[in-house]
1. If you stretched the chain out fully between residue 380 and residue 427, how much longer would it get, using 0.36 nm times the residue separation minus the C-alpha to C-alpha distance?
2. How many nm separate the modelled label positions at residue 292 and residue 231, each set 7 Å beyond the Cα in the direction of the Cβ?
3. What is the calculated FRET efficiency for residue 398 to residue 108, with r their C-beta to C-beta distance and R₀ = 22 Å, to the nearest 0.05?
4. Once you have the Cα-Cα distance between residue 242 and residue 35, take 0.36 nm times their residue separation minus that, and quote the gain in nm to one decimal.
5. Any idea how far apart residue 50 and residue 264 come out in nm if each label point goes 7 Å out from Cα toward Cβ?
6. With r defined as the distance between the Cβ atoms of residue 360 and residue 21 and R0 fixed at 41 Å, what FRET efficiency is calculated, to the nearest 0.05?
7. In degrees between 0 and 90, to the nearest 10, how far off the longest principal axis of the chain does helix 313-326 point, with axes built from Cα atoms?
8. Contour minus end-to-end for residue 89 and residue 449, with contour as 0.36 nm per residue of separation and end-to-end as the Cα-Cα distance?
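Read-outs throughout are calculated quantities, based only on the coordinates presented, and are distinct from any laboratory measurement. From a predicted model like this one, the values you see are computed outputs, not experimental measurements. Please note: Cβ atoms are built from the backbone with ideal geometry, for glycine as well, and neighbour counts cover all protein chains shown.
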C-alpha cells in the first residue's frame, strides 16, 4: 500500500533517470578527447597508486605535458585528480569506464536535484517536479559535462554540493561543511555555497536558527580553502581591463542566458572571442543586451522583495542559484580564454533555472487546472527535443577528429579546432592538408590578435612546408632553414614566400621561454631543415645541443644518429644509438 501511494510522487525521478540513460546511451563508446589525453591518459602521476601523495598535493595540470598559463597552473582539484587515479587503476586506458562513471555521477546528481526541488517547493505537483528535473537531466548544455570525460569536474562539485544540501537540511552542519569542502576541492567555484545558504535562509523564511550551523559549515569550508592555498598558492592571473569590463561581464552573462534558453549551435566554444581590424575586442550587442536584461530582472525581483512583496521571495531565492554560481565565471578578469563562456559552467547554475521552472509550472497549474494537459505536452515535447539534441552532440565526442571537425563546421575561424585538425592531419601524414589548416589557423589567429597562437601556426606552416619540400624542393628547404635561423638569432619570425606570409617580432620573454621549452617547436625542425638542405655539420652541432638540453627527446636522438650516418661518422652514430638505448630501453629506428 505504501509503495502504491509513493509511486505518483516517485515517477518524476524514475522518468528523469530513464531520460538520462536514453540520452547518453552512446556516451560510453566515446574515446579520450581534447584535454582527456593530457589530463588523464598521459599524466605519469596516474599510472601507479604510489603517486597518490603527488596527485593530491600538486596542481591539477601539473602532470600534463601542455604549456599552460599562470591561471591554469594554480588550479587545485585534488578530489578529481584522486578520482582519475582510482579510475585509471581500475579501467586502465579504456575510456568506457570513465564515461560510465560520468553517467553514474550525472544520474546521482539528477536524483539529488529532483529531491532538492521537491523539498524546496513542497506544493509542487509531480509534473512540475518532473519539468524541473528534466531540465537538469537532459538540457543540451549538459553534454560537455557528461559526455566529455574531463567535464566530470563539475559533476563531482555538484554531487558534493547536493549531498551537502541534504545534510544541511537534516541539520548536520559538520557533515554538510565537510561535503561542501569536498566540492570546493573539486572545483573552486563552490566557494560561494555559504552565500547561497544565507540567501535561502532569509528569502525562504526558514524557521530554524542559522548562525551557529552556518558558522560551523563555513569554518570547515574556509579551512579547506586555506589548505588549498597552502598546497597550491593562488596567483594574480589575468588582467582587469577596466574599460571593457562592464561589456565583458554583461556579454558573458548574456551568453550564459542564451545557452540556457537556446543552446544552439551545439559547440564547446559558444562565445568565441572576436576582434575588429585594429585588435579591439568586439562584444556581441545581443549578448550584452541579454546580460543587461538578466541583471534588470534580478534587480526588479530584489526591489519587489525589498518593498515587502513576500510572494516574490522564493523566486528571488531560486534566481540567486543561477546568478551566484556564475559570478566566478563572468570574466571580471581576462584570463585569455579562447571563449568567454562554456556550457559546462552551467551545470550548477542550471539548478536555479530548474527550480524556477518547477515553481512556474506549479503556479500555472494552481491558477488553472486545465493547463495540466498543456504542461504535460510541453514537458513531453521538450524532453524529446532535448534527448535528440543531446544524443547528436554526444556523438561529436567520439574522437578528437569528430569533435574538432564539428567545431570547425560551426566556426571556421576556431583556432583550437584548426590546431587540433592540423595535428591530426600531420599524424596521419597528410602534410598538404595540415599545411592548409595551419595557414587558415594563422590567418584567424592574426585577425584575433592571438600572438602566441599565431606564432604556433606560423611554425606549423614552416614545418609542414618542410614536409612538402623534402626531398624534391631544395630551394624551399633552404628558405625555411633561413626563417628558423632568423628566429633563433634575431627573434624575428618572418616569411613572404607562397603561403608563408607572416612577420612577427617575438619580443616577449615569456613567449621565447615557451618556444625554447619544447624542442619540437623550433629546435628540432630547424635542425631537420639544416640536415635536409645538406648542411650536415651545423645540423650535428644543433642536434648535439638538443640531446644534451632535452635528453628525453627521442626525435632528437633519431635525427642525431641519422646525421652522424649522413656525415660518414658511423662510430659516433653507434655511440649515440647505444646512449639512446640506455635512456629509453629500446632501439631507436632512424
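1. 12.4 nm
2. 4.4 nm
3. Efficiency, rounded to the nearest 0.05: 0.35.
4. Full extension from residue 242 to residue 35 adds 71.4 nm.
5. 5.4 nm
6. Given R0 = 41 Å and the Cβ-Cβ separation, E is 0.95.
7. 10 degrees
8. 125.3 nm
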